[in-house]
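What follows is one structure encoded as structure tokens, with my remarks underneath.
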Amino acid sequence: MKIYAAKDYNDLSRKAANIISAQIILKPDAILGLATGSTPVGAYKQLIAWYEEGDLDFSGIRSVNLDEYKGLSGEHDQSYRYFMNHNLFDHVNIDKENTNVPNGLAEDAEAECSRYNQVIRNLGGIDLQLLGIGGNGHIGFNEPCDVFEKGTHVVTLTEETRQSNARFFSSIDEVPTHALTMGIQNIMSAKKVLLLASGEAKSKALYDSCFGPVTPDVPASVLQLHNDVVVIADEAALAMIRENTHWEGSVYDN
Ligand code: GLP
């Protein structure tokens, strides 16, 4: 994996958007694996700006999102479908029919997970998977666990994750307890992975993920086994890596 240092969140967002836009230009019918959370918002804003300037065309792009809260409809303003529409899809010329997010309201959640695995297979796999990282090292909603779950599955969210996502809801009680998420095999099958980390709260999870043992206890650590991972992190998120590796440069080949 290659770790790139960004000066700050703005720099991180521009670097990430550059990589995503290169993918769109090089393969106009690319399959993008997309992520939610506050981290990718700046990159999405930059992509929208480049689209508005006429530099990007999303008309052939297909997308699959990592995850969705169980029990929220796509119209709920905290659902990940709503997030994607609001932060990217409504502002570019992507065909919404070509965008996929798990259905949080599916009556049979297990069947919805199988359907979602099939959607990814039918698309022929993901070209570029964008990821954020949870403070506990989760990717998508793959929480620390005893085993790496392979396919899309239903998860019980940890208290830590519910607490940290509570900032988007009016109270912790409203944060769903479960989610549907792509599994580790879905993510690891992507041709290229782009992981973004911003802020001091991610520093330990990022260090453990990049330099610690590969363990389902730190789900992002599995990325050490992927052969094309780009990590972009701002200085706050890099703090622990800087401290432990004495790396002072801007690119670290790990
Ligand atoms: C959620 C999402 C993850 C995301 C994480 C971090 O739990 N399921 O995909 O990476 O939050 O979010 P943020 O970027 O807001 O810190």
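The values are calculated or read from the model by the stated rules, or taken from the named source; none is laboratory data. Given the structure is predicted, the values throughout are model-derived calculations rather than measurements. Methodologically, a virtual Cβ is constructed for each residue, glycine included, from the backbone with ideal geometry; neighbour enumeration extends over all protein chains shown. Keep in mind that these areas ignore ligands, DNA and RNA; they rest on the heavy atoms of the full protein, side chains included. Shrake-Rupley method; radii C 1.70, N 1.55, O 1.52, S 1.80 Å.
Worth pointing out:
- Cα centroid separation - the range 175-250 against the range 7-34, whole Å: 17 Å
- Along its three principal directions, the equivalent ellipsoid of the range 1-91 from the Cα gyration tensor extends over semi-axes of 22, 17, 13 Å, largest first.
- Helix-only [θ]222 nm of the chain, DSSP H runs n ≥ 4, -39500 (n - 2.57) each, per residue, nearest 500: -10000 deg cm²/dmol
- Cα-only Debye scattering, the range 90-224: base-10 log of I(q)/I(0) at q = 0.13, 0.16, 0.18 Å⁻¹: -0.60, -0.92, -1.14
- By DSSP, the beta bridges lying fully in the range 8-146 are antiparallel in about 10 percent of cases.
- Accessible surface, per residue, of the chain when the full set of protein chains is kept, probe 1.4 Å, Å²: 44 Å²
- Karplus (6.51, -1.76, 1.60) ³J(HN,Hα), θ = phi - 60°, over the range 84-90, in Hz, Gly and Pro reported as x: 5, 4, 6, 8, 8, 4, 5
- Across the range 129-158, the residues whose backbone nitrogen lies under 17 Å from the label position 7 Å along the beta-carbon direction of THR215 are 135-139, 143-149.
- Of the GluC sites (Glu not before Pro) found in the range 212-254, the ones in coil according to DSSP and having at most 16 other Cβ atoms within 10 Å of their Cβ are GLU248.
- Too-long pairs where the Cα-Cα distance tops 24 Å, listed order kept, from LYS27/LYS96; LYS2/LYS96; LYS27/LYS150; LYS7/LYS45; LYS27/LYS204; LYS96/LYS202: LYS2/LYS96; LYS27/LYS150; LYS27/LYS204; LYS96/LYS202
- Over the C-alpha trace of the range 158-254, radius of gyration and Dmax come out as 15.1, 44 angstrom.
- Carbon-plus-sulfur accessible fraction, the chain (probe radius 1.4 Å, protein heavy atoms only): 47%.
- In the calculated pair-distance distribution of the range 60-168, the portion above 17 angstrom amounts to 58 percent of the Cα-Cα pairs.
- To the nearest 10, the accessible area of MET1 is 30 Å² with a 1.4 Å probe.
- Cα-based shape type of the range 200-251, given that a ≥ b ≥ c are square roots of the gyration tensor eigenvalues and the cut on a/c is 1.5: prolate
- Viscosity 1.306 mPa s, temperature 10 °C, Stokes-Einstein D of the chain from Kirkwood C-alpha radius, µm²/s: 87 µm²/s
- In plain terms, the chain from ALA236 to SER170 could stretch by 21.0 nm, reckoned as 0.36 nm per residue minus the Cα-Cα distance.
- The residues neighbouring TRP50, those whose beta-carbon lies less than 11 Å from its own, together hold a net charge of -2 under the Lys/Arg +1, Asp/Glu -1 convention.
- Fully extending the segment from ASN254 to ASP11 would add 85.3 nm, taking 0.36 nm per residue of separation and subtracting the current Cα-Cα distance.
- FRET efficiency, 1/(1 + (r/R0)^6) with R0 22 Å, evaluated for GLU200 and THR156 via beta carbons: 0.20
- Gain on full stretching of the segment that runs from HIS246 to ALA22 - 0.36 nm per residue minus C-alpha separation: 77.5 nm
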